[in-house]
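For reference, the structure is listed below as C-alpha cells.
The values are calculated or read from the model by the stated rules, or taken from the named source; none is laboratory data. Values in this document were obtained by computation on a predicted structure and should not be read as measured data. Here Cβ is always computed from backbone atoms with ideal geometry, including for glycine, and neighbour counts include all displayed protein chains. These accessible areas exclude ligands, DNA and RNA; they are computed on the full protein's heavy atoms, side chains included. Shrake-Rupley method; radii C 1.70, N 1.55, O 1.52, S 1.80 Å.
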Amino acid sequence: ELTKLREVIFEFAPDEKFTKDNSAFDVAFEVELGDQVGLIGMECKYTDSFSTKEYSKDQYKAIYDLSTSFLSTYGELTNSRYNQLFRNQLLAEGMIQNKYKGYSIVWTGLFCRPDDGTAIETANRFQTMLNSGTETFKILTYKDFIAATQQLDLSWEQREWTMLLWARYLGLPLSHNIR
C-alpha cells in the first residue's frame, strides 16, 4: 500500500533519544502512504537471538503510559522475551507522541530467517500484545521478502540484488558440501 520509499536508514534512532538510551531500529524505511509520511522500523535477526537482559527505565514507563498501543502490562512487555521488540515499539511511540518529522505513522516489525521458529513465535506473541498488532507490527521472513520482491517489475540490477540477498542469507545449501 506504500506509495513511495523515501529513504533506507541502518541503525536508526532519532537524535532526540525519546527512550533516553541507545535503542535503534536495525533498519528503517522512511515512507509515504498517500499524503501521510512515516517510518517502518525493523528488528533484524540472522544468527543472534533476542537480548536476554531486562530493561526498564522511567522514560519507557512514561512513553508506555501515554500510549494507547499496548494491550499488555508494562511488566509483561519488559520481560526479557519481549523487551527488545518492546523497546523498538517505544521508539515508534516516542516518535508519534513527539510528532517527530511530522510522521503520522510509525510501524515496527521483525525481519528474520524463515526457519527461526523462536524469533517468529516471540514476534507472533508480541503482535497480540498490541492494539492493531497485525496492522502495525509485521513479521517478515527473508524468504517472503525475496519472493514478494521478485514478483515486482524489476530492473536487472534490482533482480540481481535479490539474488545476492538470497545467496547471503538463505543460500546455505550452496556451502553445505564444502568442508
Can you tell me what share of the DSSP beta bridges in the chain is antiparallel? A percent to the nearest 5 is fine.
55
Compute the long axis of helix 156-169 from its Cα atoms, compare it with the longest principal axis of the Cα atoms of the chain, and write down the angle in degrees, 0 to 90, nearest 10.
80
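For the chain, what is the accessible area per residue in Å², given a 1.4 Å probe and the full set of protein chains?
Ligands and nucleic acids excluded, the figure is 58 Å² per residue.
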Give, as a single signed number, the net charge of other residues whose beta carbon lies under 15 Å from the beta carbon of Leu170, with Lys and Arg counted +1 and Asp and Glu -1.
+1
Run the 1.4 Å probe and let me know the accessible area of Tyr64, rounded to the nearest 10 Å².
40
Which percent of the accessible area of the stretch 55-118 is formed by carbon and sulfur heavy atoms (probe 1.4 angstrom)?
48
Sorted largest first, the Cα spans of the chain on the principal axes come out in Å as 51, 41, 27
Förster-model FRET efficiency, 35 Å R0, Glu121 and Lys99, C-beta, rounded to 0.05:
0.50
Assuming R0 = 30 Å, can you tell me the calculated FRET efficiency for the pair Leu33 and Asp65, based on Cβ-Cβ distance, to the nearest 0.05?
0.60
Once you've got the GNM for the chain with C-alpha springs shorter than 10 Å, pick whichever of Asn22, Asn79, Asn124 has the biggest mean-square fluctuation.
Asn22
Test of understanding: what is the full-extension gain from Glu76 to Arg159, defined as 0.36 nm times their sequence separation minus their Cα-Cα distance?
25.7 nm
Could you identify which residue out of Gly41, Gly75, Gly109 has the top mean-square fluctuation in a GNM of the chain using Cα springs shorter than 10 Å?
Gly75
May I ask for the net charge around Glu30, where only other residues with Cβ less than 12 Å from the Cβ of Glu30 are counted and Lys, Arg are +1 while Asp, Glu are -1?
+1
Work out the FRET efficiency for Gln151 and Leu172 from their Cβ-Cβ distance, taking R0 = 30 Å, and round it to the nearest 0.05.
0.80
